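As C-alpha cells, the structure follows; a few thoughts come after it.
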C-alpha cells in the first residue's frame, strides 16, 4: 500500500483552476520530489494534503481518505510539514518550538495540567526526551535555549525542519527547505534528509527548486506545470524531458 495516494485532485478558486487532475502515489520510505516552475501548484498540493484547502478528488493516507479531515486530525495521523518561510514562534526558544511541534502527541487534559499531576509530569519528561533526540539528530543542541528570532536565517530553517520531525511523522512534507540557504547549509540539509530516509524510513514529499539537489537525492520526480502533471519518473529521465526543460527555461535545450 502506498503511504500517500492522490487521485485526480482538482482545486479551483472562483474561475481560477489551480490544480487540474493531479494524481501520484508515494511509497513508504520514498523521497518523492514535487517540482515545477513558480505558480505550478506545488504548495497548493501540500495545502490540500494538510487539510488547509479543500479540493475535489481523493487523498489517501495509508489507505484512508483524508481529503475532508481537519488539519489537526491529519497531523495526529502522522502528516507533518515545513513551510517556505519557517512560520516559527520567534519569541520562543528552539526547545519550546519543538515542544510545540509535539502538540498532536500530547495526551493530557487541561485539568490534569492545571494540577500538574504525576501523569502530566511523566508526559512532559517523555516529550522533552523526544525533543532532545531530535535536537541531537539535526545537530542543534547548542541552540536549544536560544530565542529563535535571534538566530541566523539558515539555523531557523533547520529549526522548522526539526519541529516537523518532532511530531514523529509517518509522512513529511518539505516545502522548499533549502530556499535562502548558503552552500554549506544546503549540504547540511541534504545530509539530514538522507538520514531521515535511511535511518528513520520516513516517506517525504519534497518541493524543491535546486535541481542538482533533486537529481542527487530524490528517488522519483513529479513535475507540475499550470496545475497539471507534466512528467513523472526517475530523475534522469524527467530532467532530460524536453517538455520539462521548456517549462523551466522557456525553450528546449539547444533551441
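Computed from the coordinates by the stated procedures, all read-outs in this text should not be read as laboratory data. Keep in mind that this is a model prediction, so the values were computed, not measured. Cβ sites come from the backbone with ideal geometry, for glycine too, and all protein chains shown count toward neighbours.
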Quick one: go through the range 70-96 and flag any residue whose amide nitrogen is under 20 Å from the point 7 Å out along the Cα-to-Cβ line of residue 2. 74-75, 77-81
Modelling each spin label as a point 7 Å along the Cα-to-Cβ direction, I'd like the residue 103/residue 70 distance in nm, to one decimal. 1.2
Fewest-first sequence of 66, 6, 245 by Cβ atoms within 10 Å of each Cβ: 245, 66, 6
As a footprinting exposure proxy, order 213, 204 by other Cβ within 10 Å, with the fewest listed first. 213, 204
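Which whole-number percentage describes the relative contact order of the chain, with Cα contacts under 8 Å and a sequence gap of 6 or more?
Working: 460 pairs, mean separation 69.6, N = 255.
Computed over the chain, the figure is 27 percent.
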Quickly work out the residue 209-to-residue 137 label distance, labels modelled 7 Å from Cα along the C-beta direction, and quote it in nm with one decimal. 2.8
Give me the percent of Cα-Cα pairs in the chain that sit more than 23 Å apart, rounded to a whole number. 53
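Can you put 102, 183, 144 in order of Cβ neighbours within 10 angstrom, beginning with the fewest?
Numbers: 102 18, 183 7, 144 15.
Listing 102, 183, 144 from fewest to most nearby Cβ atoms yields 183, 144, 102.
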Say each of residue 90 and residue 195 gets a label point 7 Å from the Cα, pointing the same way as Cα to Cβ; how far apart are those two points in nm? 2.8
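Taking R0 as 41 Å, what's the FRET efficiency between residue 245 and residue 147 from their Cβ-Cβ distance, rounded to 0.05? Walk me through the intermediate numbers first.
On the way: r = 44 Å, r/R0 = 1.08.
For R0 = 41 Å, the calculated efficiency reads 0.40.
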